Amino acid sequence: MPALQRLIQVSWPLRVFFTENVFAPENPVLRDALHDAAPRKALVVLEDSLAQAMPGLEQQIEHYFAAHQASLQLVRSPLYACGGEPAKNSNALVSEIYSQLHRHHVDRHSYLIAIGGGALLDVAGFAAATAHRGIRHVRIPTTTLSQADSGVGVKNGLNALGQKNFIGTFAPPYAVINDFKLIETLPPREKRAGYVEAVKVACIRDAKFFDELESQAARLAAFDPDAMKQLIRRCAELHLDHIATSGDPFETGSARPLDFGHWAAHKLEQLSHFRISHGEAVAVGIALDVIYSRNSGLLAPAQAARILNLLETLGFKLFAHELLNADNANTPAILAGLEEFREHLGGELSVTLLADIGRSVEVHHMEPRHVAEAVAELRARAGP
């Protein structure tokens, strides 16, 4: 008998709001983003480091929901959770979120609101996507990295079996709310981290944006608030445009241009036992792939130099000693990242390189010798 086949199409609105002081009772952004015909329950998960940096934030959240109780019901005080990679390295936090969702009868038309950095948003997003097969998930990113990149995406993930994001889902959030006030307390290392994703998306999609980053580099390095706001908004916009227009938002194929520089970055994070942050690792990964692109004849030397210089001006180091790690056969450990990346893509290696600033190209093979040459150049560039 012939097979039955139908084309199933689903529309996913993905909304990103920009505001300041999101939990001020007079600020309508969160209330309006969650507006519904009937009052809805909400469970809030709050990163503990943010609560420590902003004393009184928990009370602000509770006062906000009290002021808008006609449409929103906070089911309990905010659930505190750790952030960073430790949040993703076990299922403990996911289990606790499941328990709270079950205990307070949070249903598919209710909200799980996560307030924190990208790692916490990943874990909370995974819990929301899998509890009741999908609870409305609202992200309130609190780092430049998550406001500019991961928080506005559609991926959720946990680390497992020695691999980053081995477990995960594709599930667009119900809403994303970027509150610029929430990043004011970040240390310089965390403020800088999101810049690298702006460089990345400019390299692969928008040469004009790259020019703007170059012109604003000194202000960004000094963490000028207005320059940071412009970077975050444009970076988020370009990521949204790619997700909405690439034709493959859930990455069913093998090409992943938004992961430019990431095959090495993910492995570098693991090799450093996450001493190296994601943003720092991506800066090294981009530098590695920029040099590889130049040495392969794809990218003009002058353009490669512009990218490397911009990363350094923004404050990133382009070399990490973990790049020199090798196994018992003296094979560079970083090369294992290519195999892990290939598996993560579905079987075919597809690495994004650059043909020009603003124009990417996909390759399906990376020559180990040329990777080693790029590592050696980065080591020499770093100096003693």
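Taken together, the values in this text are just the output of simple stated rules run on the coordinates, not laboratory data. All of these numbers come straight from a predicted model, not from anything done at the bench. We place every Cβ from the backbone using ideal geometry, glycine too, and count neighbours over all the protein chains shown.
A compact table of results
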quantity: Proximal charge balance of L323 [Cβ under 10 Å; K/R count +1, D/E count -1]; calculated: +1
quantity: Antiparallel bridge percentage (DSSP; both residues within region 16-183; nearest 5); calculated: 20 percent
quantity: Contour minus Cα-Cα distance for S95 and E339 (0.36 nm per residue); calculated: 84.8 nm
quantity: Under-5 Å amide H pairs with Q73, H placed in peptide plane, nonlocal only; calculated: R40, K41, A42
quantity: 18 Å Cα-Cα reach of K41 towards aspartates and glutamates, excluding residues that sit fewer than 8 places from it in its own chain; calculated: D32, E58, E62, E96, D107
quantity: 0 to 90° range, to nearest 10: angle between helix 225-245 axis and the chain longest Cα axis; calculated: 90 degrees
quantity: Reachable lysines from K208, criterion Cα separation under 30 angstrom, eight or more residues apart if same chain; calculated: K155, K181, K191, K200, K229, K317
quantity: Region 16-183 - percent relative contact order, Cα under 8 Å, separation 6 or more; calculated: 26 percent
quantity: Percent RCO, i.e. relative contact order, over region 189-382, from Cα pairs under 8 Å lying at least 6 residues apart; calculated: 29 percent
quantity: Alpha-carbon Rg/Rh ratio, for region 16-183, with Rh computed the Kirkwood way; calculated: 0.93
quantity: Over the chain: helical MRE at 222 nm, DSSP H runs n ≥ 4 each giving -39500 (n - 2.57), nearest 500; calculated: -13500 deg cm²/dmol
quantity: Fewest-first sequence of I140, I334 by Cβ atoms within 10 Å of each Cβ; calculated: I334, I140
quantity: Among beta bridges that DSSP assigns inside the chain, antiparallel share in %, nearest 5; calculated: 30 percent
quantity: Rounded to the nearest 20 debye, dipole of region 189-382 from Cβ charges on Lys, Arg, Asp, Glu; calculated: 560 debye
